[in-house]
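One structure is given here, and the rest of the page talks about it.
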Amino acid sequence: MKNQWYKKACFYQIYPRSFCDSNGDGIGDIPGIISKVDYLASLNIDAIWFSPLYCSPNADYGYDISDYKNINPEYGTMQDFDRMVKLLHARNIKVIMDLVINHTSDKHRWFEESRKSKDNPYRNYYIWRDGRGKNGKKPPNNWTSFFLGTAWQYDELTGQWYLHLFDKNQPDLNYFNPRVLEEVKDVLNFWLKKGVDGFRCDVITLLSKREGLPDGKKRIALTGREHYLNGPKIEFLLRQLQEDVLSKYDAFTVGESVMIDVDTALKYTSGENPLLDTVFEFEHMNADNYFGIKQFVRKFSLKRLKKTIAKWQDGLYNKAWNTLYWENHDQARIVGRYCSATEYREEGAKMMGTILLTLSGTPFIYQGQEIGQTSAKMQDIEMYRDVESIRSYNTMRKIFGKKGAMKRISYCSRDNARTPVQWDSGANGGFTAGTPWLALNPNYTQINVAQQENEQSSVLNYYRKLIQLRKEHDVFTFGTYHDLAPLKSKLWMYKRSYNGDEILVVNNFSLKPQKVRAVKDAERYTLLTSNYPNSAQTPVARTLRPYESAVYILKEQEKQIDIPKDDALTTATVTETEQTEQTV
Ligand code: TEU
Ligand code: CA
């Protein structure tokens, strides 16, 4: 039986470029991370997912890999990496690498060979096709890229096109060619032999494309996706990786799965030997956009969010395992999206932390989220570094004009998550002694680790407290989920139950006070924690303050340890024991 340490674990994600710079070149690096190991350990986290540390020309900052088996010299050396792993393991913190195997960089040796000629031994490591139309000057099919525009790039040298579901500098690997999977197994073995504990698998459900690469149904975004989303051979490919490599190391895997639904997630993650331990779905991060397209910004809807969370909590319960996240390197900061970044900012940040850590699944905290960092919302496109942001700005400018495009990009850009971690109120927020590769959010003077470290009521210390409570009470992690007020548009109240233990979580998602009725048997519960001083000690009828978020727990004397109803023997045994005790 696979070790399931990840179920009780709390993960942290580091985007190395923006975490901490040790040598003043304005770029975060591994020695910088090493200098923060005590801080990381102080969060009481159990594992760290590192966004790519490998060699990359940075077209997509590491998600375009040019050498899978070497550390990007901007981040340090392999010795630095080995030292970091040793230090983290010594603190019982596991190391999870980012596995980007749907595509490589166009500067990867394999692609440089592949493009040389049609009969090069590496030609079929990638997906090359003749163009259509006069002289083959039109793309081989109508598929469009995640970064907008055609998903094909014409290459003069051999007069063919190659597929790239992301940027043109990220050619898709060809999994019709069995040699590609063998190369990937070799990469996995390399890092597992070095002691890493698992992988976050980048866009893992896109690997298998349909034979013939047929045209897709014309869509507003991602035309052609029906021919590669959860494609024909994906389960076969993942099974091979599991059987030939991952299972031999008991390695943890979380699959980033764009546009996945509950039924498909169960296909990948349920049963005795799942293809993946868990997945990242995107649905709950679309409560402030149309059609799941982040640039089509709309007003946040709590009801949409609650509906999605309930679907995933119930859908995977006792069948598979959820991940829980609000932020990562692709998502703008949650404070300023699902709660205000200007009013009651700290209460909102603590409320979002409470929800993240009181749901069923494995929580992932993204660097800076634990101090309530907010989106920088830069207003000058020249300040942006993210290929997705720059390309979507240029597309949207044609539709909404400069102002309209900038309004949308500044709200949803991935660069909002990638501004450096704000360590203190000194120069560049203590991130670098040089010029940061991406400007800090100017509010680092008010929001930073140093200022919150010793402030008992800070967001940082609230996250620490929530992580500790989650470790102490299994009901947080393993309990059932029941929404107590699904129709309320400003109130999120839910109950979790497990082995006779119960918690109630009450959140006012409004900037205005909200009256709330008493919970049934309110006296049976007592306040465990709240983001306000003097919250009601029991969940009686009361008025919740703006973004007030409280966790109540069943009082000790009220806990009934569930005796399995259908196990007469156990009941009998318990009764016997009780009788024996009574007679003794
Ligand atoms: O992201 C895949 C992905 O779907 C997101 O980039 C998506 O396009 C959007 O940003 C989320 O709403 C993964 C990596 O996380 C991302 O950083 C890479 O750019 C991408 O794959 C290509 O490797
Ligand atoms: Ca550096």
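Below, the figures for the structure above:
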quantity: For the range 109-163, size of Cβ-based charge dipole, Lys and Arg +1, Asp and Glu -1, in debye; calculated: 180 debye
quantity: Neighbourhood net charge (12 Å Cβ-Cβ; Lys/Arg +1, Asp/Glu -1) for SER35; calculated: -2
quantity: The range 408-466: C-alpha gyration tensor shape, a/c 1.5 cut-off, then a/b vs b/c; calculated: oblate
quantity: Rounded, prolate or oblate (a/c below 1.5 giving rounded, otherwise prolate when a/b exceeds b/c) for the range 1-138 by Cα gyration tensor; calculated: prolate
quantity: Protection proxy ranking, peptides 374-382, 547-555, average beta carbon neighbours within 10 Å, highest first; calculated: 547-555, 374-382
quantity: Loop-located trypsin sites (Lys or Arg not before Pro) in the range 1-80 whose Cβ has at most 15 other Cβ within 10 Å (DSSP); calculated: LYS2, LYS8
quantity: 12 Å beta-carbon shell around CYS10, net charge (K/R +1, D/E -1); calculated: +4
quantity: Stokes-Einstein diffusion coefficient of the range 56-122, Kirkwood radius over Cα pairs, 25 °C, 0.890 mPa s, in µm²/s; calculated: 178 µm²/s
quantity: The range 279-313: trypsin sites (Lys or Arg not before Pro) falling in loop per DSSP and having at most 15 other Cβ within 10 Å; calculated: ARG298, LYS299
quantity: Dipole of the chain [Lys/Arg +1, Asp/Glu -1 at C-beta], most positive-end residue of LEU316, MET383, VAL505; calculated: MET383
quantity: Global form of the range 356-433, assessed from the alpha-carbon gyration tensor, a/c cut-off 1.5; calculated: oblate
quantity: Centre separation in Å (Cα based) which lies between the range 219-270 and the range 414-457; calculated: 36 Å
quantity: Degrees between helix 178-193 axis and first principal axis of the chain (Cα, 0 to 90, nearest 10); calculated: 50 degrees
quantity: Cα centroid of the range 51-68 to Cα centroid of the range 84-152, whole Å; calculated: 11 Å
quantity: Angle between the chain longest axis and helix 302-316 axis [Cα atoms, degrees, rounded to 10]; calculated: 90 degrees
quantity: More than 13 angstrom apart: percent of Cα pairs within the range 109-163; calculated: 57 percent
quantity: Per-residue [θ]222 nm for the chain (sum of -39500 (n - 2.57) over DSSP H runs n ≥ 4, rounded to 500); calculated: -8000 deg cm²/dmol
quantity: For peptides 506-515, 25-34, sequence by mean Cβ density within 10 Å, most packed first; calculated: 25-34, 506-515
quantity: P(r) histogram, all alpha-carbon pairs of the range 284-348 included - 10 Å bins from 0, percent; calculated: 19, 46, 30, 5, 0
quantity: Translational diffusion of the range 374-524, µm² s⁻¹ [Kirkwood Rh, Cα pairs; Stokes-Einstein; 10 °C; 1.306 mPa s]; calculated: 82 µm²/s
quantity: The chain - Rg and Dmax from Cα coordinates, angstrom; calculated: 25.0, 97
quantity: Charge tally in the Cβ shell below 10 Å around LYS307, where Lys, Arg are +1 and Asp, Glu are -1, LYS307 excluded; calculated: +2
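Values in this text are rule-based calculations from the coordinates and carry no lab data. From a predicted model like this one, the values you see are computed outputs, not experimental measurements. So basically every Cβ, Gly included, is an ideal-geometry build from the backbone, and we count neighbours across all protein chains shown.
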